[in-house]
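Remarks on the structure that follows.
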């Protein structure tokens, strides 16, 4: 396959994969899917984005995995400890509101989002570094 | 008990954390004033503590449930003892925050932020009521202290930080064991609910007190754990002034004082404390005599005072505890002040070695006066608080059974301390520079850096002249430790009786001896005197020993691991095999058989391929085949996860392919044979285990319960996901954090393996 074709197609494929990974994340509670699977899918998608590109342009296409890792960890910790504000022990599931497409949104979804972010950023952290010499 | 609208304890903890966050966020701002302003937080908290001071024998308590079934709670207890420590932590903290803001040329925000974080952790330690809460904050002080000691990032600092952390964290773990045992013995994890009578007659008592001793002795650098404190002087001076004089090292003292009413009053307790404290106080002061760096001198004298405090707790009784209170206050005031003086001198003259300094008083009279007042308090001359402290210490030591031994020890230690005080202050400030030594040119520094030590030292003068100011606090503290008792009335001039006269004689002897020592030492060449136990060679030996069992090559490591686990698992497996395995039949059709064959082929290909690429592809094949088997067994989440993991793994391998070194030699026949043997045995063992465990009939209720509740209680139809992120979310939390940490580690390794060139370190100039 022509490298140029791949380079152009890579962006579209990548964002498609990320979109699907988000769908997988949100459907996880009621159908196969969830944070882990979605996170790895997102990591793969974003890796594909960077894979066929020359070294110079690579930086422009990379997201910042460390930042997202921190956001993910923060989401996890908030979801875990926010019940303490109202006197409940940590990790008590909180129900916040209902949305038409997403269904019930609560601390559990926040937790899953945290898992998603951590898994994808952790993988990307290593993948980006490995790509440096490749 | 007092009723509160806003939680007092939460305020104490959260306010400094917020101040820390503000400092970190604003770190780029160059103006010292901004960071000095954060000192308003501890000032406000100190004021709050003063107004909330409970009556003697009473306390403010608050509690939040944490793990109710185990009795673990986030609970706090504020009594006289907590108040004493909290006030010291906060008041010294105010001054240190301002000092740090003006002292650092770079990294202000980070240092001030860390100081605030430490303040919060320390406040947590002295107000914690639940053993687990105490342990949590105890370890937190160790963690923040690591960041403070290693602040400038140099190799020396990192090594020192590691040493300090290992020693104190190790002690902390042992302490945890003791605390948990005490909890099991008495049935409660709450510290205030512990019953002394129950514990002292319990068969576990010796183990419990030894564990508590470990925690206290490591944190407070008692013999033989003193090694970490002198090397911790690598920390920036404001940090040393705070941690290693006024707060962190006092945590061990707090622990001993807190547990004294519960674990004390036995010979084992008192004797050990007096013995260890006594040895520490004399030994460390003696070692300090031979140092020439101001901070090192101060470090050793701090260890010595900590030893004295331990002895006082061991002696017990209202007199000794009053002495402890006054000594804590006096020491905090003069030691932190002297550390600040050392820092300012460092900034002014570029060095802290006393041999290179001289006649500094003329150049900075304000600093010199502050140093002088602090030194006089350390020496123990009236009308300073240090004098009252010393008198009380000696009087309480004379009042006990082993009066002579302890008093002589304390007098000797005091003599050494007098010499150290003179070395730190008289030599650089009042004597001329040593002949031939180069006196570094003196720079102008911010007046704040000279005012702060002066103010802190003058507190010692104020309290010395009006000791009644401390009477209320002393009464409260003594009452917390010895229920119903009251502190000795404090006065500058003690009542005249045999004991006080003897004590006075002791002090005078100490001062005279100290002066003589100083005369001998003031131009002494530095000498290294070993005395504390250095754990580094022991650690190196341990590393060597472990290296025998875990050879460097990963191949060999894996071989050893598999061989050992196969051997360990073989025996129980054989036993259950002999008891009969039941093989559960599963219906298979053509597709399943194809998948199994594909898996086997893939595995064989991985083992026998001659090229990396084909091995990687075969690995992918094995993974996908297994995933399909999962899918056919109605485990879609498992299958999806495995497919994702396979994809990422293949990607990793392909990328790593480039980094792999050329294979220089292939395994010879013998190695291949060993590999095949171990692999086969391990494979058989694992298969056998799987079959044996499948034969175990686990109660189906667990699965049914999860299935039933998933929809009703967790609103989810996917049981697997519900279990992962809801029912068993705690496990997931731990696993995900591990993933994050592992990724960060891999990231760091990958980065450093590329550039062996030394990184530019901007923090290095921060404290020089």
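The values are calculated or read from the model by the stated rules, or taken from the named source; none is laboratory data. Since the model is a prediction, treat every value here as computed from it, not as a measurement. All Cβ positions, glycine included, derive from the backbone under ideal geometry; neighbour counts span all protein chains shown.
Some points to look at:
- Under the condition of being modelled with pLDDT of 90 or more and surrounded by fewer than 16 Cβ atoms within 10 Å (Cβ to Cβ), the residues counted in segment B:597-635 number 3.
- Residue list for segment B:151-173, filter: surrounded by 17 or more Cβ atoms within 10 Å (Cβ to Cβ) and in contact (Cβ under 8 Å) with a residue 40 or more places away in the chain: B:151, B:152, B:157, B:160, B:161, B:163, B:164, B:167, B:168, B:171, B:172
- Residue A:66 satisfies every condition listed in (1) under 23 Å from residue B:715 (Cα atoms); (2) surrounded by fewer than 17 Cβ atoms within 10 Å (Cβ to Cβ); (3) within 13 Å of chain B (Cβ to nearest Cβ) except (1).
- If only residues of segment A:21-36 that are surrounded by fewer than 24 Cβ atoms within 10 Å (Cβ to Cβ) and within 7 Å of another protein chain (Cβ to nearest Cβ) are counted, the one that is modelled with the highest pLDDT is A:32.
- Filter result for the condition that a residue is farther than 17 Å from residue B:130 by Cβ and either in a loop (DSSP other than H, G, I, E, B) or out of contact with any helix residue (DSSP H, G or I) (no Cβ under 6 Å at 6 or more places or on another chain) (or both), over B:22, B:94, B:88, B:98: B:22
- Residue count for segment B:292-317, restricted to those that are in a helix (DSSP H, G or I) and more than 26 Å from residue B:477 (Cβ to Cβ): 6.
- Residues satisfying the stated conditions in segment A:24-54, i.e. farther than 19 Å from residue A:118 by Cβ and assigned to a helix (DSSP H, G or I): A:27, A:48, A:49, A:50
- Single residue of segment B:62-108 satisfying the filter (in contact with a strand residue (DSSP E or B) (Cβ under 9 Å, 6 or more places away or on another chain) and away from chain A (no Cβ under 14 Å)) that is nearest to residue A:82 (Cα to Cα): B:76
- Listed conditions (1) surrounded by 24 or more Cβ atoms within 10 Å (Cβ to Cβ); (2) over 24 Å from residue B:182 (Cα atoms) are all met by residue B:319, apart from (1).
- Qualifying positions in segment A:99-131 - without any contact (Cβ under 8 Å) to a residue 12 or more places away in the chain and within 10 Å of chain B (Cβ to nearest Cβ): A:104, A:126, A:129, A:130
- Test for residue B:169: is it over 21 Å from residue B:9 (Cβ atoms), more than 11 Å from the chain's Cα centre (by Cα) and outside any strand (DSSP E or B): no
- Being on the phi > 0 side of the Ramachandran plot and part of a loop (DSSP other than H, G, I, E, B) is a property that residue A:91 has.
- Breaking point among (1) assigned to a helix (DSSP H, G or I); (2) within 14 Å of chain A (Cβ to nearest Cβ), for residue B:142: (2)
- When each of B:245, B:226 is tested for being touching a residue at least 60 places away in the same chain (Cβ under 8 Å), in a helix (DSSP H, G or I) and within 16 Å of the chain's Cα centre (by Cα), the lone residue that passes is B:245.
- Filtering B:134, B:148 for residues that are on the phi < 0 side of the Ramachandran plot, touching a strand residue (DSSP E or B) at 6+ places or on another chain (Cβ under 9 Å), surrounded by 19 or more Cβ atoms within 10 Å (Cβ to Cβ) and in a helix (DSSP H, G or I) leaves a single hit, B:134.
- Residue match in segment A:72-93 (condition: surrounded by 15 or more Cβ atoms within 10 Å (Cβ to Cβ), farther than 23 Å from residue B:730 by Cα and within 10 Å of another protein chain (Cβ to nearest Cβ)): no
- Qualifying residue in segment A:100-113 (condition: at pLDDT 80 or above, surrounded by 13 or more Cβ atoms within 10 Å (Cβ to Cβ) and part of a strand (DSSP E or B)): yes
Listed here are the residues, each with its yes/no results for (1) touching a helix residue (DSSP H, G or I) at 6+ places or on another chain (Cβ under 6 Å); (2) modelled with pLDDT of 85 or more; (3) surrounded by fewer than 24 Cβ atoms within 10 Å (Cβ to Cβ).
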site: B:400; (1), (2), (3): yes, no, yes
site: B:410; (1), (2), (3): yes, yes, no
site: B:446; (1), (2), (3): yes, no, yes
site: B:452; (1), (2), (3): yes, yes, no
site: B:476; (1), (2), (3): yes, no, no
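- Total residues in segment B:706-721 satisfying the condition of being more than 18 Å from residue A:33 (Cβ to Cβ) and within 9 Å of another protein chain (Cβ to nearest Cβ): the figure is 1.
- So residue B:221, is it in contact with a helix residue (DSSP H, G or I) (Cβ under 6 Å, 6 or more places away or on another chain), touching a residue at least 60 places away in the same chain (Cβ under 8 Å) and part of a loop (DSSP other than H, G, I, E, B): yes
- Of everything listed in (1) under 30 Å from residue B:723 (Cα atoms); (2) more than 14 Å from chain A (Cβ to nearest Cβ); (3) at pLDDT 90 or above, the single unmet condition for residue B:642 is (2).
- One residue from A:50, A:118 being within 12 Å of the chain's Cα centre (by Cα) and over 20 Å from residue B:714 (Cα atoms): A:118
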